[in-house]
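The values are calculated or read from the model by the stated rules, or taken from the named source; none is laboratory data. Remember, it's a predicted structure, so these values are computed and weren't measured experimentally. Positions of Cβ are backbone-derived with ideal geometry, glycine not excepted, and every protein chain shown enters the neighbour counts. All accessible areas refer to the heavy atoms of the entire protein, side chains included, with ligands and DNA or RNA removed. Shrake-Rupley method; radii C 1.70, N 1.55, O 1.52, S 1.80 Å.
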There are 2 protein chains.
Amino acid sequence: MKNNSPGKVNVDLQNERNKCTFNVTELTNFIDGSAEKTLERHNREEKVLSQGIHIEEVPSEYLSHKEKYELAVKKACLLFKLIRYMQEEENTGMDNYREVLGGFLGSAILQDGSPLTLHYVMFIPTLMGQGTVEQQAYWIGRSWSCSIIGTYAQTELGHGTFIRGLETTATYDPKTKEFILNSPTLTSYKWWPGGLAHTANFCIVVAQLYTKGQCHGIHPFVVQLRDEETHMPLPGIKIGEIGAKLGMNGTNNGFLGFENVRIPREHMLMKNSKVLEDGTYVNSPSSKLTYSTMMFVRVVLVNDMCNYMAKAVTIATRYSAVRRQSQPKPNEPEPQILDYLTQQHKLFIGIATVHAFRLSASWIWEMYNNVTAELESGDLERLPELHALSCCLKAVTTADAAQCVEKCRLSCGGHGYMLSSNLPLTYGLVTAASTYEGENTVLLLQTARYLVKAWQQAIGGNQLTPTVSYIAKVAAGRRSPPWDNTVEGIIDGFYRVACGKIALCVNNIEKRQKTGMSYEDAWNMTSVQLASASEAHCRAIIIATYYNEMEKRKADLSPALRQVLLQLVDLYIVYWALENVGDLLRYTSISERDIEQLQHWYEDLLSKIRPNAVGLVDAFDIRDEILHSALGAYDGRVYERLMAEALKSPLNAEPVNRTFHTHLKPFMQGKL
Amino acid sequence: MKNNSPGKVNVDLQNERNKCTFNVTELTNFIDGSAEKTLERHNREEKVLSQGIHIEEVPSEYLSHKEKYELAVKKACLLFKLIRYMQEEENTGMDNYREVLGGFLGSAILQDGSPLTLHYVMFIPTLMGQGTVEQQAYWIGRSWSCSIIGTYAQTELGHGTFIRGLETTATYDPKTKEFILNSPTLTSYKWWPGGLAHTANFCIVVAQLYTKGQCHGIHPFVVQLRDEETHMPLPGIKIGEIGAKLGMNGTNNGFLGFENVRIPREHMLMKNSKVLEDGTYVNSPSSKLTYSTMMFVRVVLVNDMCNYMAKAVTIATRYSAVRRQSQPKPNEPEPQILDYLTQQHKLFIGIATVHAFRLSASWIWEMYNNVTAELESGDLERLPELHALSCCLKAVTTADAAQCVEKCRLSCGGHGYMLSSNLPLTYGLVTAASTYEGENTVLLLQTARYLVKAWQQAIGGNQLTPTVSYIAKVAAGRRSPPWDNTVEGIIDGFYRVACGKIALCVNNIEKRQKTGMSYEDAWNMTSVQLASASEAHCRAIIIATYYNEMEKRKADLSPALRQVLLQLVDLYIVYWALENVGDLLRYTSISERDIEQLQHWYEDLLSKIRPNAVGLVDAFDIRDEILHSALGAYDGRVYERLMAEALKSPLNAEPVNRTFHTHLKPFMQGKL
């Protein structure tokens, strides 16, 4: 365990550590994958943090919007220079980029987000994924060395998740062998791309392709935005930043309009579709291939959610061990707030969720790799299933993560409202994920479409893909078995719930169609239920995956650790059973007595986990520099750190602010 | 209807207005209380806004933390000067302060909060409530004219909701007839009071009173903090600001420590308790009197919640009428997103909640006034009931309001993440209310204590206070009647649920005591259920109150408006029934068939309300200057306004930021 806080550890926190029943390092290694991987991570963290790029004279929360951007550019350049160096030194391909930018480390240094991230996360991958071999040869070298900086412009002011509706046009001119880019309306302006505003000088632009008078839908084009020498916007490029946001004010999100901007034909990325010199459009072998990047990002997102939640529960749990409040028993000292069951109720589900999501992420990551391998060999069969799964998992995990972080913040009372707790900033980052990469409700309904189709296939007696095969049982009319009040029974119950909801949706859609409604209108009228069915499906998948993946791994754990981790599995599953009691009552044979037993089981689990709570979050092994929280530091010196942070406010540099003389005093004297 | 947006109204929004079935002005008058009150409000808004204090050259979100404070002081002084003038001109006592500071208007001008607010909201009222007549004579005049500016310092770094635990000491020295104030620990530093850091020069300090070697608990003292001429902190006063926060960065929240600060004996506010010259402590006639202010603030808070929600749903609903997205039917235009049932599901409950909470607020306001009138005549009987009610109402309404605002923000997709939407700032303000004036979980458990006591009284055959009298029925063992699938039936069902939960809690506490647990430990182990029972009680009260208050008023409404408002009542009650299906299944005889009917009823209500959605939010009658949102303006010119706001960013003032030369270019050329 890394302890980067010199000085004495708070005695309450030390006591917590003393009574922890398992080996914290063993759990850290389990989370990282192995002791070697933990070591690798430690080395990487040390290498990056020892540069001191993250150290700020004045905390960035005190800067103006413009200063925040300027600080972000400075830090991003230094960080990316380091990555480039590590890359060359170790020759590790993309790995270092991902490890340093994603996960904990990147956000420790660039807390307001980075204006260079999309260069690596979207620009280079799109060049690699959608460029021909020649195009890759032309672009990748310069991008890799960062002699050009790119971003990826898809979303427009008027269209986000529904990408078919994008309005930017790229019209082929066979005379000059160029595409002409235009923004025909205000709503067609690109809006949101990170780094677009003042940082990138190149960009991949997604536009409606027109050739020979026909529209062929959206395609990617490489467009130079700014002069490489002067950085001035090129003619016809209308560019700027979109303004201040809830969070990520260092990302330099931009807008971009085109007025007859001409680019050579070769700047259309043509791995899949092509426009020949004469303007002939040659179709893509599979338009589904382009979904692959989107799915990749969604799968990676699930892992990001774990990192945000791990930070938040670490902060809130350590704080709750240090904070003492109220006096339920006369003549006894104030208890640690971690001793209150209501506080445990807020926090421990967060700890369990980190593990549940991490194992779900690794499970879907494996599936993703299998499916993309099949894709390479032309087998598209499992693509719709993976797509359906990635949609609902993205929606549910981002929503749960945001709620978890916010619950942690609120569980710290007023101090959680301080930016020095780092909880508000973390929420700002995590809540954005509910919207980007596909709005959550839209995604849930995409999964619902797959589920309804699966139901109809099941009714028709067709075989179902693995993740929806459970539907067959219920579709075949098998009755609910007697309720089994165990985690296995609950998992089965959750599948029953999902099934029951899908069936009810199908039924309601059909009924509505019979009254003369179109399918689309009937779908819309049922969409609140459909989104709920989709969520139920996802919950069943997550709890089953968490349970199964732990079962696979538990033999490798020491008995002490195994016990604690299985308590978390139980806690997670029982928590969700109690959250969904209404559904279980409707679709399974659970009884009032069972529910009361579950409630007691839950309360009992909270008490059992209580002594290990601090050990469990210590095992997330987040260095103080990365946690960046006055409430969550390893040494638990909460109040000293809160005060130390407060004293950094530039307002505290002077005893009397100048406005006393300019406004306050004249006002008080009636002379304003 | 005030339309302050010159220029054409978005055609979709105009169509919505054309098809509204009721008279919007009638609803506005209903909400304000009467046509006269609407006019008064309009006049007040015009008077304040015509001063132009709210107009900012650079939107405050682009300023640094220090600049935000300086802007807030400037604006607050100008606004309070205006209020002082209005006060003198119209001789309206406190009314103008409250109307201008609270509600919509204050936050339109001081969006990041005001450093002067506590002077009126806490300093003066505490002087009036807790000072003797002599003390009032001494202090009120100077406070009223603002020749001194005060604040109220209660919360400390180590203690918030649990005020008995405060550590600041005020020790009486009979030799000099002074109190000596000290901060014995770091955690005893005052922390949070608005305006404390650099604005106020006086303060009411809540401290543990020691005299003749004995502690007599917390009492209020008036302390001068800063020199009136120079504004320099006085000797022994350690003062500053607590740093940046999630929101309200204009409020100048401060910390305050004392080192042997001496104040005259007369500076203890002695209306209730006294310290005589020789140090003799004379007890308060009723320590409960001091709870009155806290209850007052909680009651007022419910109304504030309505204002935040009204803003958020106005923004999100208008935006949803303008925004078009996706194409469910081929060859048809993209629908307004307000046509999606899932979007209606997110928004319409917010509209209904504004009405539900407003009527609940007016109901409890009346009760508050009755109870305080009784208090004046020495009758304390209904105080515990009011206290219990104000606790759970504060907790539930602040939590619901925060969720409503956040749901509205997310319903606007990426654009809701822009500060120019004003949704993030609104969330920052509303979420703070879950913590201040009593942390929500703590408050729910205080109500639970009252409910458990009521249950025991009912079992003992004693009479119950009106708001818990429903408990008697169930406690007497009467069985659940057949389910009645109407709003009246649901209200009755909610009371059954609350009862059932209280009974189960009592049972569980007793069971645990029988295993040898202390009452306090048994209480703690059951506290997750207790908080849930308390919430169930509050939900029952709110839906019943909403229903009853509308029933009382409906005869005065035109048939068209009555129909719409009753649809909202139904929507609210059915929504909560569906949210609590599990509880209804456990504690009433509702059937699966009933639930499916409720679901259809709900979907049907959404469709019925849909054509009036824009009219309903227009009726909240929030001027554009107050709404302050690119997405929500009356004219619906969303995209033009988003772009106009973006262009105000100081980053957009130059085509190339200086960091291109200092960092980006050297980095790209490998020369950094």
### Message
I'm checking my understanding of the structure. Among residues of segment B:15-51 that are β-branched (Val, Ile, Thr) and not in a loop (DSSP other than H, G, I, E, B), which one is modelled with the lowest pLDDT?
### Response
B:48
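Answer yes or no as to whether residue B:409 is of a type in the set (D, E, K, R) and closer than 29 Å to residue B:606 by Cα.
Here the answer is yes, as residue B:409 does meet what is asked.
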### Query
Looking at segment B:321-370, which of the residues that are surrounded by fewer than 18 Cβ atoms within 10 Å (Cβ to Cβ) and among the hydroxyl-bearing types (Ser, Thr, Tyr) is farthest from residue B:636 (Cα to Cα)?
B:362
### Task
Report, ordered by the first and then the second residue, all pairs with beta carbons closer than 8 Å, sequence separation of six or more or different chains, a first member in segment A:204-232 that is assigned by TED's automatic domain parsing to the domain that holds residue A:259, and a second member that is of a type in the set (Gly, Ala, Ser) and open to solvent by 20 Å² or more (accessible area, probe 1.4 Å).
A:208/A:217; A:209/A:217
### Query
So is residue A:515 modelled with pLDDT of 95 or more and within 14 Å of another protein chain (Cβ to nearest Cβ) or not?
yes
### Check on residue B:83, open to solvent by less than 40 Å² (accessible area, probe 1.4 Å), part of a helix (DSSP H, G or I) and touching a helix residue (DSSP H, G or I) at 6+ places or on another chain (Cβ under 6 Å)
yes
### Query
Can you tell me which of B:655, B:666 is of a type outside the set (Phe, Trp, Tyr), surrounded by fewer than 22 Cβ atoms within 10 Å (Cβ to Cβ), on the phi < 0 side of the Ramachandran plot and in a helix (DSSP H, G or I)?
B:666
### Summary
In segment A:461-476, residues that are open to solvent by less than 70 Å² (accessible area, probe 1.4 Å), out of contact with any Leu (no Cβ under 7 Å at 6 or more places or on another chain) and under 18 Å from residue A:381 (Cβ atoms) total 3
### Query
residue B:239 passes all but one of (1) away from every other protein chain (no Cβ under 14 Å); (2) among the hydrophobic types (A, V, I, L, M, F, W, C); (3) surrounded by fewer than 23 Cβ atoms within 10 Å (Cβ to Cβ); which number fails?
(1)
### Task
Starting from residues that are of a type in the set (Ser, Thr, Tyr), open to solvent by 10 Å² or more (accessible area, probe 1.4 Å) and closer than 20 Å to residue B:238 by Cα, keep the ones in segment B:134-183 and report whichever is farthest from the other protein chains (Cβ to nearest Cβ).
B:171
#### Entry: For residue A:597: the one exception among (1) more than 30 Å from residue A:110 (Cβ to Cβ); (2) facing another protein chain (nearest Cβ under 7 Å)
(2)
### Task
Considering each of A:613, A:540, A:630, A:644 in turn, give the residue that is within 14 Å of chain B (Cβ to nearest Cβ), surrounded by 22 or more Cβ atoms within 10 Å (Cβ to Cβ) and among the small types (Gly, Ala, Ser).
A:630
### Task
For segment A:47-70, indicate whether the set of residues that are within 30 Å of residue B:60 (Cα to Cα), away from chain B (no Cβ under 13 Å) and in contact (Cβ under 8 Å) with a residue 24 or more places away in the chain is non-empty.
yes
### Query
Name the residues in segment A:185-241 that are among the small types (Gly, Ala, Ser) and closer than 13 Å to residue A:252 by Cα, would you?
A:194, A:195, A:197, A:200, A:240
### Query
Could you list, in sequence order, the residues of segment B:482-516 that are more than 31 Å from the chain's Cα centre (by Cα) and either buried (at least 24 other Cβ atoms within 10 Å of the Cβ) or over 23 Å from residue B:453 (Cβ atoms) (or both)?
B:482, B:483, B:484, B:485, B:486, B:516
### Query
What's the number of the condition residue A:115 fails, among (1) assigned to a loop (DSSP other than H, G, I, E, B); (2) open to solvent by 10 Å² or more (accessible area, probe 1.4 Å); (3) of a type outside the set (Lys, Arg)?
(2)
### Task
Can you confirm whether segment A:592-599 contains a residue that is without any contact (Cβ under 8 Å) to a residue 12 or more places away in the chain and within 28 Å of the chain's Cα centre (by Cα)?
no
